[in-house]
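The values are calculated or read from the model by the stated rules, or taken from the named source; none is laboratory data. Predicted model only: the values in this text are computed from it and were never measured. Cβ coordinates were reconstructed from backbone atoms using ideal geometry, including for glycine residues, and neighbour counts include every protein chain displayed. Heads up: the accessible areas ignore ligands, DNA and RNA and are worked out on the full protein's heavy atoms, side chains in. Shrake-Rupley method; radii C 1.70, N 1.55, O 1.52, S 1.80 Å.
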Amino acid sequence: MSIGNEIHDLARDLWGFDRSLTGDGVRKTLKTIKEHLPSLKVYEVPSGMQVFDWIVPKEWRVSAAWIITPDGKKICDFKSNNLHLVGYSTPVNAKLSLTELQNHLYSLPEQPTAIPYITSYYKERWGFCLSQIERDHLIEGEYQILIDSELFDGSLTYGEVVLPGVSEKEVFLSTYVCHPSMANNELSGPTVTTFIVKWLQNLPSRKYTYRIVFIPETIGSITYLSQNLEHLQKNVIAGFNVSCIGDDRAYSYMPSRKGNTLSDKVALHVLKEIDQNFIRYNWSDRGSDERQYCAPLVDLPIAGILRSKWLAYEEYHTSLDDLVRVVTPSGLEGGYNALKKALEAVEHHCYPVITVLCEPQLGKRDLYPSISTKNKHKDTVLMTNILTWSDGTNSLLDIAALCSVPVWKTYPVIDTLVENGLLHLRDNATC
Amino acid sequence: MSIGNEIHDLARDLWGFDRSLTGDGVRKTLKTIKEHLPSLKVYEVPSGMQVFDWIVPKEWRVSAAWIITPDGKKICDFKSNNLHLVGYSTPVNAKLSLTELQNHLYSLPEQPTAIPYITSYYKERWGFCLSQIERDHLIEGEYQILIDSELFDGSLTYGEVVLPGVSEKEVFLSTYVCHPSMANNELSGPTVTTFIVKWLQNLPSRKYTYRIVFIPETIGSITYLSQNLEHLQKNVIAGFNVSCIGDDRAYSYMPSRKGNTLSDKVALHVLKEIDQNFIRYNWSDRGSDERQYCAPLVDLPIAGILRSKWLAYEEYHTSLDDLVRVVTPSGLEGGYNALKKALEAVEHHCYPVITVLCEPQLGKRDLYPSISTKNKHKDTVLMTNILTWSDGTNSLLDIAALCSVPVWKTYPVIDTLVENGLLHLRDNATC
Amino acid sequence: MSIGNEIHDLARDLWGFDRSLTGDGVRKTLKTIKEHLPSLKVYEVPSGMQVFDWIVPKEWRVSAAWIITPDGKKICDFKSNNLHLVGYSTPVNAKLSLTELQNHLYSLPEQPTAIPYITSYYKERWGFCLSQIERDHLIEGEYQILIDSELFDGSLTYGEVVLPGVSEKEVFLSTYVCHPSMANNELSGPTVTTFIVKWLQNLPSRKYTYRIVFIPETIGSITYLSQNLEHLQKNVIAGFNVSCIGDDRAYSYMPSRKGNTLSDKVALHVLKEIDQNFIRYNWSDRGSDERQYCAPLVDLPIAGILRSKWLAYEEYHTSLDDLVRVVTPSGLEGGYNALKKALEAVEHHCYPVITVLCEPQLGKRDLYPSISTKNKHKDTVLMTNILTWSDGTNSLLDIAALCSVPVWKTYPVIDTLVENGLLHLRDNATC
């Protein structure tokens, strides 16, 4: 089975859980992921804790939610689609006229078949979401409303995996597990990340330590940063926020706020090589957890490698963002491969330095033709170009760009040159 | 009455004075300006004083100057138009043939109706200026010439206003008062500057100290610099040379020599926002007192905000540069407003720094909608964009550019964020 | 006689010598050059010496080499054209069938009239080169082969001239003398260099010391660097590798590896002024001794000023690269003049600093018109533009570019300004 199908299967396993900022939907999601990643640790942070400018919210639990129409039909049933209920709705048990009810209904006139995704985390409120078509058919009369929910002092839940490497320096991945049943803007992130971690943990060796978190968006990343900022600022050399990485319609790059970190350079290099038409966003297009990781004074080196970005596809934040038409096995596999190539480029990041003065004599090492003609030796052009730029000021990514090749084409050449004692690889640039 | 008309009225008041590098024309001009700006101080610098590579010239006084033609007509009468006499002409009382006289006449064949503006400050010489049409009609015969002038050890006169601010750091404005009856390349400068000072002195508070000088061009700025260079280099953070700022045909930018001072950044920002078609000159187009303020090793941060620049309009340095067809109330008002917006941008110049880590929770301060939908909250986009760039490395001008808005649109948002304790404003960039 | 004809005559004198990496062809070439440059010193470096990653090769001596065809004709006679023998061919005395012989023949199907230039310096091998046309006419039968050659412990030969200057800082020129009878990619280099040295040694004074070497390519420059690297890195401020500088079809620029040395700036400036259509190569097009001089960690400031570059003209490395159709007197003269102008620009390299604050009063020095009109004084524009940029941060090359003139137009103005005490010239930029 292709890796894309494996990831898609996991997404289908996670589809029905009632995720929100907090609660058992998140816990069930993490439990399923832990079946793939036994080293995943789950953390609970109590409601009410101050996290920078925010407070960890109450936990939300929903037992049932529905509307009975005047003609006795049950609609907007939370059990049939968890998007029907506005996120963090307060409990209600009431009878309302259609006019009164309308104040609590949300639909999208411009997308009449879609159930919108609406939340009200930080102001107490209740409401139902439904398609415009369904809403247009509501008749006058008395509606019975039930929201059997609770908002209580519980906790916010997140998961973390740490894979040690040779170096204490870290590569950081973050993805979120707080949206209910949506595919590209939710499940593509944690599922692709899960399979990236499976690949990372099976590597024969890792240069860097890898830290991966599965968190609720915004409040989760703020909470995580409030507990780990100093450690992350000291150790993280690169990383990616993983979201919207499962459809097959585009590749996209979201820069870090500063735009010139190693993560940015790697993402741009990989995406240019994979898809010349990739979309290059600006920081003004930000919208996911890069807002926290790259906030001023936080400024971790975190960029985004995405397929169709939030807001850039019409199914975004509606029931149409599904695992059938939007997120596909090939879409997930493309995202997985792009992210994997980026992480490989981070692993290989170095500043090569030549060990001999003047050109090395490649011929005596059988790395160069012994006869000189006027025709260029194409086989050795890449090798000599890599050598000539290996002065300790150029990173391997710089060198690949100077040689006009994807960085992964340099890996075997670098290996050969290191084996022949012609290069050593530095972690930092010389001045 | 519009500010443009008020400025134009002052220009008409100053029109007839016989200004030159030195003398009573300058003194009368400054006296009239002092009626608007009582805090103006007038300084006299004696002839013969060494000022850097130059010497303050003798003072020039003209009682009368004219030519009587062979047929008894008085022409080139200094009293009818002070452009008729070559500036700094030595005294003459003689009878000359037309041929002899021609060596002392100046006209512009390509602008036959214009009286040119000619001076000979640093070599003793005499001459008359007249229109080419008038010159072409001169008949053979004896001409009687009178120039009742004096060149004597007197002084060079200039005016200065200093408006104290909270900071000792200064904003510097310079304009000149040494050209006789011409409008754009003379009177627009001191009149717009006078009304800018009236605005500045009525501000409820000033962050910076403002120093404004009304001086003769070149020798005046050299004299002023020779007396104040150390102080200016220590304190001036921005400033503008004000000239050619009264017609309605263009907006123009003259860079400082270095081209990247705060004044340059402010001028470029304001002019881009005011008039997309503004003309951007180079340092090779310099011609006014920026030559002195930005001379190598002087290098004060002085740029120019102009309307039609010297040499760039055909009436320049002729009797056609007048207050009717060239300089208009609306032209003056446009120049006044551009300069005012630039000074406001200097006053607001700062490096904002956010006070919280990660995004602030705007909702709890009623600065953000409490319900989350897929539609962007346009009202809050500018606020969050300002916050995200407020890392202490970006000036407010940088931030405005990053947010694609005129800097003056940021002022109320900055006020709100400072009031809510989310920003503090630094004078200098953090590293 | 034009300088181009003089250089061309020298090239014809050197044409017939059997040059290779080592041997008497090199020695005869240097001896002829020494007749023009008596201060040339000739050095011998013994075979077997370790030079960085390389070993000085054995010396190669050829007494005779030819093939007798089955029908008794002598072909591929080394005496008739030294390109017929593969460079460094081992001795052979044998009879071979045509099939056996074919393994040792080299020709160019796409250039059927050309004898290719082939070498095998670092692997023992023998072979003959001939035109494709001649090869196609070879008949079946027995061929008698003679190569009366020796490979023995001798030495590698090179020549050096040092012309002392006021400063110990050096300008370095390198050209090579290791190719047999070819014109642009060999003789244009040492002949133009010889006449450049003749010009340099006749200069009334030299600011810099000039060091010029005539060496075999690659192993020669590596050998020279291994003996002189520390001295060169300490003293050389600019220099050029001189090769392919004799045809009349193009001007070309080969950058140093870093691309921003004084040599690069000078070469770009001169070539832009001489020929707007000059070809600008990249470091990836390198191929001559710049590979050694600019190797990582060596990084001397050496660029290339060329006419048609190696590989960029079809006659390259064949018998068609001759002194008739390819290299011409006018081609050599153009190359000579470009290199001379570049060296003059290096000699004049300085950072001018104005000696007075504010504009100097040029009028009192008779450097400025005494009467002021609205017309620009074209004569003085260059002078005032040079003065305004003379702040100690701009080199004379920078100033020429800022003034949009060839740097050589500034030399007389600079002289005038220095004589008038208005400029002093610094060796280094002020900060």
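Worth pointing out:
- Degrees separating the helix A:188-201 axis from the principal Cα axis of chain A, which is the longest one: 40
- Positive-end residue of A:S319, A:I115, A:G363, charge dipole of chain A with Cβ unit charges: A:G363
- Note on A:351-364: average number of Cβ atoms from other chains within 10 Å of each residue's Cβ is 6.
- Taking every DSSP bridge with both residues inside chain C, close to 65 percent are antiparallel.
- For the pair segment A:52-74 and segment B:143-191, the centres of their Cα atoms are 76 angstrom apart.
- Take A:T90, push a point 7 Å out from Cα through the beta-carbon direction, and compare it with the same point in every other copy: 9.7, 9.7 nm, smallest first.
- C versus B: buried accessible surface, summed, Å² (probe 1.4 Å, to nearest 100): 2500
- Axis proximity, chain A to C: residue whose C-beta lies nearest, plus whole-Å distance: A:C431, 10
- Measuring between alpha carbons in the structure, the pairs from B:K169/B:K309; A:K74/A:K95; C:K265/C:K340; C:K41/C:K198; C:K272/C:K409 lying more than 19 angstrom apart are B:K169/B:K309.
- Take every pair of alpha-carbon atoms less than 8 Å apart whose residues are at least six positions apart; their mean separation over the length of chain C yields a relative contact order of 16 percent.
- Positive-end ranking of A:I274, A:S288, A:L232 along the dipole of segment A:231-318, with charges on Cβ about the Cα centre, is headed by A:L232.
- Structure remark: mean-square fluctuation, Gaussian network model of chain B, C-alpha springs under 10 Å; the largest value among B:P296, B:P57, B:P180 belongs to B:P296.
- Between C:D299 and A:T430, the modelled label-to-label distance comes to 0.8 nm, taking each label 7 Å out from Cα in the direction of the beta carbon.
- Cβ-Cβ FRET estimate between A:S80 and A:E124, R0 fixed at 22 Å, reported to 0.05: 0.30
- Of the peptides A:334-341, C:134-141, B:420-427, the ranking by mean beta-carbon count within 10 Å, highest at the top, reads A:334-341, B:420-427, C:134-141.
- Once the gyration tensor of the Cα atoms in the protein assembly as shown is diagonalised, the equivalent ellipsoid follows with semi-axes of 63, 62, 24 Å, ordered largest first.
- Sorted from closest to farthest, the other copies place their C:I139 label points 11.2, 11.2 nm away, with each point set 7 Å from Cα along Cα→Cβ.
- Across segment B:241-254, rounded Karplus estimates of 3J(HN,Hα) from the backbone phi angles (6.51 cos²θ - 1.76 cosθ + 1.60, θ = phi - 60°) give 8, 10, 7, 6, 10, x, 9, 10, 10, 6, 10, 9, 10, 10 Hz, Gly and Pro being marked x.
- Percent RCO, i.e. relative contact order, over segment B:95-197, from Cα pairs under 8 Å lying at least 6 residues apart: 23
- Counting, for every residue in B:289-298, the Cβ atoms of other protein chains within 10 Å of its Cβ and taking the mean gives 5.
- Estimated 222 nm signal from helices in the protein assembly as shown, with DSSP H stretches of n ≥ 4 weighted -39500 (n - 2.57), rounded to 500: -9500 deg cm²/dmol
- Packing here is the average count of other Cβ atoms within 10 Å per residue, and on that basis the peptides C:86-93, B:274-281, highest first, run C:86-93, B:274-281.
- Sequence-distant contacts, meaning Cα pairs under 8 Å at least 6 residues apart, place the relative contact order of segment C:38-105 at 15 percent.
- Within the accessible area of segment C:189-262, the carbon and sulfur atoms contribute 45%, probe 1.4 Å, all protein chains present.
- Averaging 1/r over each pair of different alpha-carbon atoms in chain B and inverting the result gives 23.7 Å, the Kirkwood hydrodynamic radius.
- Per residue, the accessible area of chain B comes to 39 Å², computed with a 1.4 Å probe over protein heavy atoms only.
- A Förster radius of 56 Å combined with the Cβ-Cβ distance from B:D13 to C:T355 puts the calculated FRET efficiency at roughly 0.80.
- Positive-end residue, chain C charge dipole about Cα centroid, Cβ charges, pick of C:I33, C:F78, C:M383: C:M383
- Assigned charges on the beta-carbon of Lys, Arg, Asp, Glu; segment C:2-63 dipole about Cα centre (debye): 140
- Net charge of the neighbourhood of C:L21, taken over other residues with C-beta under 10 Å away and scored Lys/Arg +1, Asp/Glu -1, is 0.
- C-alpha long axis of helix B:329-347 to longest principal axis of chain B, angle in °: 50
- For B:S167, label point 7 Å along C-beta direction: distances to other copies, nm: 4.1, 4.1
- Amide proton proximity set for C:V242, modelled H, under 5 Å, gap of 5+: C:S174, C:T175
- Whole-percent carbon and sulfur share, accessible surface of segment C:8-66, 1.4 Å: 54
- Within the protein assembly as shown, DSSP assigns beta bridges of which about 65% are antiparallel (rounded to the nearest 5).
- Each Lys and Arg contributes +1 and each Asp and Glu -1, all at the Cβ; summed about the Cα centre of the protein assembly as shown, the dipole is approximately 1040 debye.
- Lys, Arg +1 and Asp, Glu -1 on Cβ, resulting dipole of chain C about Cα centre, debye, nearest 20: 1120
- The GNM of chain A, with springs linking C-alpha atoms under 10 angstrom apart, assigns the highest mean-square fluctuation among A:T223, A:T328, A:T99 to A:T99.
- For the peptide C:120-130, the mean number of other protein chain Cβ atoms found within 10 angstrom of a residue's Cβ is 2.
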